[in-house]
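The structure appears below as structure tokens.
The values are calculated or read from the model by the stated rules, or taken from the named source; none is laboratory data. Keep in mind that this is a model prediction, so the values were computed, not measured. All Cβ positions, glycine included, derive from the backbone under ideal geometry; neighbour counts span all protein chains shown.
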Amino acid sequence: MRRRSFCPARFNRLSVALALAAAATVAQAGPLRLETVGTGFDQPLFVTAPTGGSTTIHIVEKGGTIIALDRATGTRSTFLDIGAKVDTDGERGLLGLAFSPNWATDRHVYVNYIDATTKNTIVSRFTANAAGTAIDATSELRVLSVAQPPGLDNHKAGWIGFKPGDARHLYIATGDGGGGNDPLQAGQDLTTPLGKVLRVDVTRDGFAADPDRNYAIPDDNPFVGNAAALPELWAYGLRNPFRASFDRQTGDLWIGDVGQDAREEVNFEAAASPGGINWGWSVREGTEPTPGVGADPLYEYAHTAQERGSITGGYVYRGPIAELQGQYFFGDFVRGTIGSLVVDGTGVTFIDRTASLALPAGIGRFQIASFGEDAFGNLYVVGIDGRVFALVPEPSTWLALGAGLFAMLLAQRRRVMAVTARAGT
Ligand SMILES: [Ca+2]
Ligand SMILES: [Ca+2]
């Protein structure tokens, strides 16, 4: 019987070859995992961070608290507490947060919440201390309010944000106000701010006589000059755009609009759009049932008899993982699923990432309340159960390959030794 011996040189060459193959695999498939950033938050609904290189992320809790978490030190502190002002019934709560693009100098943040007394949507500006570590709740300046129908506690949307490179205009997503089949018929009604994306200039006060309206109408809003429409409107025909985002690199707007009985949808508006898009609700849901009225979603998925859905809009990935650049990550609150869209010249491809991200032992399927970005473009996933995760490359790919290779060579060496022993040498 032929004798074989364990060869360290061969091991090294094989090891390098397999490592290079592994690198190619990683670059193509992009194995990912969720790394736990923090647990024990009280119904977290959002996470964000100011631009400018801060290692601190800010977690928005439904009840009215914002927690600052320094990822470099692990330190947590209360950034803002307006719990006494916030109603939390149903889908009400502290729903949105946006840092001023000039945060480094003005220390302004904007929030969207449901008022405890009136149950209306409030968008307010607060001013933090000079260090930017905490906010006195008395610094509130109300930007605007949106009247909500009494008795309906869902479809309050709540996302607010600034388009990259534009420090003047705050975009505000509103839902249709709640209930089934858009009972107010708000989506297509251009005289109500419900069921819309609003766009207002927060650097000027165009209503000097009104202490509760502290913004101005941008001259280039799509319905300015139209007496039959509110000048604040940017887009309409939305049901519950709970989470939306701007692509931090391109300025494109991505809106996840929660469906009713049939379709969950991702709506895409290019950065150069002049606004005024009709997203269809409530004459259609996704692409059904009145094709020709309103704009098609970029992507939609259907409810089934077995599985309903509630989309949680996410972000275009612009973080440090090269192979994920440009993919739009989003999830589903009801299903606990996570996936990404690849948009290229041939169309839109959906990659279901639930098995690798939401299902591993120790994580489990969870209700995805939101996604979020930090200053470096890292992507976060927020579970309403109190957990916040970061999307990171899967290091165990390398470890698993290395361990597998070692085990394989060890087994081979044992076989050689056994054969050698049987050969009696
Ligand atoms: Ca005013
Ligand atoms: Ca639609």
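Would you tally the residues in region 191-215 being part of a loop (DSSP other than H, G, I, E, B) and within 16 Å of ligand 2 (Cβ to nearest atom)?
Kept after step one, since they are part of a loop (DSSP other than H, G, I, E, B), are these residues of region 191-215: 191-195, 202-215.
Subset that is within 16 Å of ligand 2 (Cβ to nearest atom): 194-195.
The number of residues fulfilling the criteria is 2.
Please go through (1) crowded, with 18+ Cβ neighbours inside 10 Å; (2) at pLDDT 90 or above; (3) closer than 24 Å to Gly40 by Cβ for Ala358 and return the number of the only condition it doesn't satisfy.
Condition (2) is where Ala358 drops out.
Taking the condition in contact with a Ser or Thr (Cβ under 6 Å, 6 or more places away or on another chain) and either more than 16 Å from ligand 1 (Cβ to nearest atom) or in a loop (DSSP other than H, G, I, E, B) (or both), does Ala229 pass?
Details: in contact with a Ser or Thr (Cβ under 6 Å, 6 or more places away or on another chain): no; either more than 16 Å from ligand 1 (Cβ to nearest atom) or in a loop (DSSP other than H, G, I, E, B) (or both): yes.
Judged against the criteria, Ala229 is not a match.
Which residue is farthest from Phe242 (Cα to Cα), if the candidates are limited to region 278-318 and must be touching an Asp or Glu at 6+ places or on another chain (Cβ under 6 Å) and either within 16 Å of ligand 1 (Cβ to nearest atom) or aliphatic (A, V, I, L, M) (or both)?
Of everything passing the filter in region 278-318, Val316 is farthest from Phe242 (Cα to Cα).
Can Ala302 be described as at pLDDT 95 or above, away from ligand 2 (no atom under 13 Å from the Cβ) and more than 28 Å from Phe162 (Cα to Cα)?
Working: at pLDDT 95 or above: yes; away from ligand 2 (no atom under 13 Å from the Cβ): yes; more than 28 Å from Phe162 (Cα to Cα): yes.
Yes; evaluated as a whole, the condition is true for this residue.
Give the residue, chosen from Gly177, Gly161, that is buried (at least 17 other Cβ atoms within 10 Å of the Cβ), assigned to a loop (DSSP other than H, G, I, E, B), of a type in the set (Gly, Ala, Ser) and more than 16 Å from ligand 1 (Cβ to nearest atom).
Values: Gly161 fails: assigned to a loop (DSSP other than H, G, I, E, B).
Sole residue among the options that is buried (at least 17 other Cβ atoms within 10 Å of the Cβ), assigned to a loop (DSSP other than H, G, I, E, B), of a type in the set (Gly, Ala, Ser) and more than 16 Å from ligand 1 (Cβ to nearest atom): Gly177.
Run down Ala104, Ala130, Ala68 and say which single residue is in contact with a Phe, Trp or Tyr (Cβ under 7 Å, 6 or more places away or on another chain) and touching a residue at least 12 places away in the same chain (Cβ under 8 Å). Break it down stepwise before answering.
Values: Ala104 fails: in contact with a Phe, Trp or Tyr (Cβ under 7 Å, 6 or more places away or on another chain); Ala130 fails: in contact with a Phe, Trp or Tyr (Cβ under 7 Å, 6 or more places away or on another chain).
One residue alone meets the criteria, Ala68.
In region 118-158, which residues are more than 27 Å from Leu194 (Cβ to Cβ) and surrounded by 15 or more Cβ atoms within 10 Å (Cβ to Cβ)?
Answer for region 118-158, where residues must be more than 27 Å from Leu194 (Cβ to Cβ) and surrounded by 15 or more Cβ atoms within 10 Å (Cβ to Cβ): Thr127, Ala128, Gly132, Ile135, Ser139.
If only one of Arg213, Arg168, Arg199, Arg239 is within 16 Å of ligand 1 (Cβ to nearest atom) and either closer than 18 Å to Gln148 by Cα or not polar (S, T, N, Q) (or both), which one is it? Explain how you work it out, then say what you get.
Numbers: Arg168 fails: within 16 Å of ligand 1 (Cβ to nearest atom); Arg199 fails: within 16 Å of ligand 1 (Cβ to nearest atom); Arg239 fails: within 16 Å of ligand 1 (Cβ to nearest atom).
Residue meeting the stated conditions: Arg213.
Gln249: surrounded by 15 or more Cβ atoms within 10 Å (Cβ to Cβ), under 24 Å from Val381 (Cβ atoms), away from ligand 1 (no atom under 16 Å from the Cβ) and modelled with pLDDT of 95 or more, yes or no? It would help to see each step written out before you state the result.
Values: surrounded by 15 or more Cβ atoms within 10 Å (Cβ to Cβ): no; under 24 Å from Val381 (Cβ atoms): yes; away from ligand 1 (no atom under 16 Å from the Cβ): yes; modelled with pLDDT of 95 or more: yes.
Here the answer is no, as Gln249 does not meet what is asked.
Going through Val316, Val283, Val266 one at a time, which residue ends up being surrounded by 16 or more Cβ atoms within 10 Å (Cβ to Cβ), within 11 Å of ligand 2 (Cβ to nearest atom), closer than 26 Å to Leu32 by Cα and β-branched (Val, Ile, Thr)? Write out each step before concluding.
Values: Val316 fails: within 11 Å of ligand 2 (Cβ to nearest atom); Val283 fails: closer than 26 Å to Leu32 by Cα.
Selected residue: Val266, the only one of Val316, Val283, Val266 that is surrounded by 16 or more Cβ atoms within 10 Å (Cβ to Cβ), within 11 Å of ligand 2 (Cβ to nearest atom), closer than 26 Å to Leu32 by Cα and β-branched (Val, Ile, Thr).
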